[in-house]
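What follows is a short report on a single structure.
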C-alpha cells in the first residue's frame, strides 16, 4: 500500500491470543487503562465496553493520539484480539508483553504495520 501521508506518523499493532479464562468487563477496562500507561498515551475518554450476546465483549479507549480496540470471545474458543492505532511512536513489544501477561495467554501472535 502506498503511503499517502508520509509526514504523518501512524503506527499500528494487532495482537491476538488464546487464554484459559473468560475475559470480562472489568479486566478489559483495567487492561486498556494499563496499556495507556505502558505505551505513554494520554487518555481522553476512559475505557468503554459492550457485551454482545452473539459475539462477546468489546472495549475501546480514546487517546489524544488515537486509541485501541479490544475484543474477547468465549465461544467457539477463549480468544482475544487487540488493535492499537496511534499517531505517535510506541513500543509494540510493550503492547505484546503486557497483553501476554495480563491475560495469561497460552499462545500469542502479533503484526505491526
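The values are calculated or read from the model by the stated rules, or taken from the named source; none is laboratory data. This structure is a prediction, so every number in the text was calculated from the model and none was measured. As a convention, Cβ positions derive from the backbone with ideal geometry for all residues, glycine included, and neighbour counts pool all protein chains shown.
Overview of results
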{"item": "Residue match in the stretch 51-63 (condition: out of contact with any strand residue (DSSP E or B) (no Cβ under 9 Å at 6 or more places or on another chain), modelled with pLDDT of 95 or more and more than 17 Å from residue 96 (Cα to Cα))", "result": "no"}
{"item": "Residue count for the stretch 43-56, restricted to those that are touching a helix residue (DSSP H, G or I) at 6+ places or on another chain (Cβ under 6 Å) and either exposed (fewer than 14 other Cβ atoms within 10 Å of the Cβ) or over 23 Å from residue 91 (Cα atoms) (or both)", "result": "1"}
{"item": "Qualifying residues in the stretch 72-108 (those that are in contact with a helix residue (DSSP H, G or I) (Cβ under 9 Å, 6 or more places away or on another chain) and part of a strand (DSSP E or B)) - the one surrounded by the fewest Cβ atoms within 10 Å (Cβ to Cβ)", "result": "108"}
{"item": "Qualifying residue in the stretch 20-42 (condition: over 16 Å from residue 113 (Cα atoms), in contact with a helix residue (DSSP H, G or I) (Cβ under 7 Å, 6 or more places away or on another chain) and in a loop (DSSP other than H, G, I, E, B))", "result": "yes"}
{"item": "Single condition residue 35 does not satisfy, out of (1) in contact with a strand residue (DSSP E or B) (Cβ under 9 Å, 6 or more places away or on another chain); (2) in contact (Cβ under 8 Å) with a residue 12 or more places away in the chain; (3) farther than 16 Å from residue 101 by Cβ", "result": "(3)"}
{"item": "Residues of the stretch 12-29 classified as surrounded by fewer than 17 Cβ atoms within 10 Å (Cβ to Cβ) and in contact (Cβ under 8 Å) with a residue 12 or more places away in the chain, total", "result": "7"}
{"item": "Neighbours by Cβ (under 7 Å, 6+ apart or cross-chain): first from the stretch 83-104, modelled with pLDDT under 95; second not in a strand (DSSP E or B)", "result": "none"}
